[in-house]
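Reading through the structure tokens given below for one structure.
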Amino acid sequence: MGVELKGKRVLLVEDNELNRELSKEILENEGVIVDEAEDGDVAVEKVRLSKKRPYDFILMDIMMPRMDGYEATIQIRALENKRLAAIP
């Protein structure tokens, strides 16, 4: 039995445009609603602003130019809004 992805909202964080496009296509083919961020700092801001409609999960690249995935994850986990801070 697999996990139902249809209708789930994901933040896809990837600095490589081709990788982001391919990943987005694969996810959308499974019915996932994809929002994109090209760097960790953008991802943190998008999560912070998603209070009314938070993401179901985040797919995060590790090596990005301005803020790597580790630092972005640390900042997301430190958000005051515990619901947003706990997004898998």
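State all residues of the stretch 31-67 that are touching a helix residue (DSSP H, G or I) at 6+ places or on another chain (Cβ under 6 Å) and over 29 Å from residue 2 (Cβ atoms); if no residue qualifies, say none.
40, 44, 64, 66, 67 - these are the residues of the stretch 31-67 that are touching a helix residue (DSSP H, G or I) at 6+ places or on another chain (Cβ under 6 Å) and over 29 Å from residue 2 (Cβ atoms).
Considering only the stretch 69-88, how many residues are in a helix (DSSP H, G or I), open to solvent by 70 Å² or more (accessible area, probe 1.4 Å) and of a type in the set (Gly, Ala, Ser)?
0
Residues checked against (1) modelled with pLDDT of 95 or more; (2) touching a Cys at 6+ places or on another chain (Cβ under 6 Å); (3) under 25 Å from residue 82 (Cα atoms); (4) open to solvent by less than 30 Å² (accessible area, probe 1.4 Å):
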| residue | (1), (2), (3), (4) |
| --- | --- |
| 1 | no, no, no, no |
| 18 | yes, no, no, no |
| 24 | yes, no, no, no |
| 28 | yes, no, no, no |
| 34 | yes, no, yes, yes |
| 52 | no, no, yes, no |
| 55 | yes, no, yes, yes |
| 60 | yes, no, yes, no |
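The values are calculated or read from the model by the stated rules, or taken from the named source; none is laboratory data. Worth saying up front: this structure is predicted, and the values here are computed from it rather than measured. Quick reminder, even Gly has a Cβ in these numbers, built from the backbone with ideal geometry, and neighbours come from all protein chains shown. Remember, those area values only see protein heavy atoms, side chains included, never the ligands or the DNA or RNA. Shrake-Rupley method; radii C 1.70, N 1.55, O 1.52, S 1.80 Å.
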